[in-house]
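Here is the structure we will look at, set down as structure tokens.
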Amino acid sequence: MLSAILLLLQLWDSGAQETDNERSAQGTSAPLLPLLQRFQSIICRKDTPHSEGDMHLLSGPLSPSESFLRYLTLPQDNELAIDLRQTAVVVMGHLDRLATPCLPPLCSSPTSRKGSLQEVIGWGLTGWKYYANVIGPIQCEGLANLGVTQFACAEKRFLILSRSGRVHTQAYNSDTLAPQLVQGLASRNIVKIAAHSDGHHCVALAATGEVYSRALGTEDGWAMGTLCMYRSFLPLEEPKVISAFSGKQAGKHGVHIACGSTYSAAITVHRGPRELRPAGQGQVWSWGDGDYGKLGRGGSDGCKTPKLIEKLQELDVVRVRCGSQFSIALTKDGQVYSCGKGDNQRLGHGLEGHVRFPKLLEGLRGECKWKVIDVAAGSTHCLALRTARSTAQGATTSASTLTPCA
């Protein structure tokens, strides 16, 4: 087919003649309208209507070729001569339309190489069909078209952060076949999102350092009980800025956020008139349900608004991870602290007692040649990623190891 397109262009070029600085159109057209009508009648996989029992794929926006063809009107007279070059352009547009569903979309992630492809795969109770499981991994075309930079999964909903700084969300029981834009964050340039697999809320961090939170309700109204009272927002659809981190008087610039099942945490640095305070002066905050001491301030009392974790101040904490009932903090020099519920030895201290203040994990500080660079928290376990420290000035090794914390 590509050879036929080249032939059309060559015939048009050879048929066009220049006479006295004027170009003649003789020999540059032919009655090819039936060919264009045949291409127009071909339905690609993306355009095929789905029956209720079929597998639905998330649809993406129209491509330039699809937009061009949608507004193209063909003449009614089949005997009419059609310009050969215009015919080649229309045929090429149809080939692009038919081939697009078979290709992964171009990747818009800032961490990917220019021109590389991005593909998003989903499975399980994701919301593609009303109250139904997706059987096996399938391609999510509409998600990749957003240019995904981060995912966050709550209990019955997932959230997507795009390269443009916008947040989209999809509930498992949604009637729509595409994720919905969170309108309240559309103009905020979000750089990070957080949720928990057992949670009903999410937190978003804007480039300005502001922190937003949002309830992720369900049809039967999840806001009963104590979940709602321990969050700095009301159970409504639009996100709310957490006032403790906003405003000139607060002087706090958010740099990291985390979500647990019923509580949240954040790291801020001081925001001065011209520059931020050094990273070592970062402050760690927590709020929400306080059972088992997971907020890190002693006792089990919860709080409705963020409060400082005094025991973590001046430790240069760079990451906080929230589990179901416990928390982990990672410092810049690779030290790991944990607190909260201790059964199943999830805290990594060798005991199953609850710890109500952040406590250093001695088991991860014995080998000086290794440094913890990341941690992850599950429901009853943790993992830590360690890498070899610098062996000489300006030289590092690339070895790494994955160490269970519990």
Take the residues of the range 69-92 that are out of contact with any Leu (no Cβ under 9 Å at 6 or more places or on another chain) and β-branched (Val, Ile, Thr): which is surrounded by the fewest Cβ atoms within 10 Å (Cβ to Cβ)? Thr73
State which residue is surrounded by the fewest Cβ atoms within 10 Å (Cβ to Cβ) when the search covers only the range 165-177 and only residues that are over 17 Å from Lys240 (Cβ atoms) and aliphatic (A, V, I, L, M). Leu177
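Hey, could you check the range 178-192 for residues that are within 12 Å of the chain's Cα centre (by Cα) and modelled with pLDDT of 90 or more and say which is surrounded by the most Cβ atoms within 10 Å (Cβ to Cβ)?
Step by step, filter the range 178-192, then rank; the result is Ile190.
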What tally of residues in the range 364-402 results from selecting those that are within 17 Å of Ser327 (Cα to Cα) and either at pLDDT below 75 or not in a strand (DSSP E or B) (or both)? 5
Among the residues that make up the range 217-233, is at least one of them among the charged types (D, E, K, R), in contact with a Lys or Arg (Cβ under 9 Å, 6 or more places away or on another chain), at pLDDT below 90 and outside any loop (DSSP other than H, G, I, E, B)? no
Those residues that are farther than 15 Å from Gly260 by Cβ and touching a Leu at 6+ places or on another chain (Cβ under 7 Å), I need them from the range 350-380; list them, please. Val355, Val372, Ile373, Asp374
Candidates Ser108, Ser162 - the one that is surrounded by 15 or more Cβ atoms within 10 Å (Cβ to Cβ), polar (S, T, N, Q), at pLDDT 85 or above and touching a strand residue (DSSP E or B) at 6+ places or on another chain (Cβ under 8 Å): Ser162
Failed item, numbered, when Gly299 is tested on (1) modelled with pLDDT of 90 or more; (2) loosely packed, with under 14 Cβ neighbours inside 10 Å; (3) of a type outside the set (D, E, K, R): (1)
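Being in a loop (DSSP other than H, G, I, E, B) and polar (S, T, N, Q) is the filter here; which residues of the range 179-201 pass it?
Applying the first criterion (in a loop (DSSP other than H, G, I, E, B)) to the range 179-201 yields 179, 182, 186-189, 196-200.
Once the filter is applied, which keeps residues that are in a loop (DSSP other than H, G, I, E, B) and polar (S, T, N, Q), the range 179-201 yields Ser187, Asn189, Ser197.
The values are calculated or read from the model by the stated rules, or taken from the named source; none is laboratory data. Fair warning: this is a prediction, and the values are worked out from it, not measured in the lab. Backbone-built Cβ (ideal geometry, glycine too); neighbour counts: all protein chains shown.
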